[in-house]
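Colleague: Take this structure first; my questions come after.
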Amino acid sequence: MENNERNRIVDAALELGKQQSWEAVRLHAVAAAVGISLDKERLYFREKEDLVDAWFDRADSAMLQESEAPDFQALSPRQRLHRLIMTWLATLAPYRNVTRQMIYGKMELGHVHIQIPGLMRVSRTVQWIREAAHLNATYVRRALGEAGLTSIYLMTFFYWMKDNTPSSERTSCFLNWLLGTTEKLNQLLCGNVCSPTTKETTSTMPVKQTGSSQPKKLAKKK
């Protein structure tokens, strides 16, 4: 019952944002649309920004549920990342314009109090993507992979905001290109060490050595 009412509040806020703009949404109007008092609404959401977090939490949840699909583990790391991020975006798609307004509102000058939590929000979602994709790298490899994945996630998100193609087809192609390019670039520069899409980052097992790390000495001719 509690979750249902919480979801009704979020849905009402999104509809008001769609009809007007996210900037114009007020908590008293949301409460009136749901048929509850402001005091009861406060029990679920302390401020308007909490509604934004709840909206993105819904996308996180859909993405994690997708990772439980029977065929998911059979996918390559690159395919898993693509599927997870596109599922996350698909959840937001019915209110793409409202979502864009939410993000642009966070970027306005003087909104430091919501920009810092916004950065933490990005980090949290990226962590869930890594967990769902079973990327198990540690230490330096984890840090480098996480930085690369964060860049891919943000670039794809901002590209998606202006994509009006059916099922976000252009975004899907863009994400696939980003993942492929990052994979090739990282393999070129540092092997599999810092790529967020290679199979090496999905295992905690030691890498099998193919030969001695010491250079072999050439036998002298007699």
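Colleague: If N is the number of residues in the stretch 48-202, what value comes out of its Cα radius of gyration divided by 2.2 N^0.38 Å?
Modeller: Rounded to two decimals, the normalised Rg is 1.04.
Colleague: Using the alpha-carbon centroid of each, what span in Å lies between the stretch 82-107 and the stretch 9-58?
Modeller: So the separation of the two Cα centres works out to 17 Å.
Colleague: To the nearest 20 debye, what charge dipole does the stretch 1-46 have about its Cα centre, counting +1 at the Cβ of each Lys and Arg and -1 at the Cβ of each Asp and Glu?
Modeller: So the magnitude is around 80 debye.
Colleague: Would you mind getting the Kirkwood hydrodynamic radius of the stretch 1-46 from its Cα pairs, rounded to one decimal in Å?
Modeller: Mean inverse Cα-Cα distance, inverted, gives 10.4 Å.
Colleague: Moving on to the next point. Considering only DSSP states other than H, G, I, E and B, which trypsin sites (Lys or Arg not before Pro) in the stretch 49-105 qualify as loop sites with at most 14 other Cβ atoms within 10 Å?
Modeller: none
Colleague: Among the GluC sites (Glu not before Pro) within the stretch 21-129, which fall in a DSSP loop and have no more than 16 other Cβ atoms within 10 Å of their own Cβ?
Modeller: 23, 47, 68, 108
Colleague: Ok, one more. With a ≥ b ≥ c taken as the square roots of the eigenvalues of the C-alpha gyration tensor of the stretch 69-142, please select rounded if a/c is under 1.5 and otherwise prolate if a/b is larger than b/c or oblate if it is not?
Modeller: Because a/c hits 1.5 or more and a/b fails to exceed b/c, the stretch 69-142 counts as oblate.
Every number in this text was worked out from the coordinates using simple rules, so none of it is lab data. Since the structure is predicted, the reported quantities are computational estimates derived from the model, not experimental observations. Here Cβ is always computed from backbone atoms with ideal geometry, including for glycine, and neighbour counts include all displayed protein chains.
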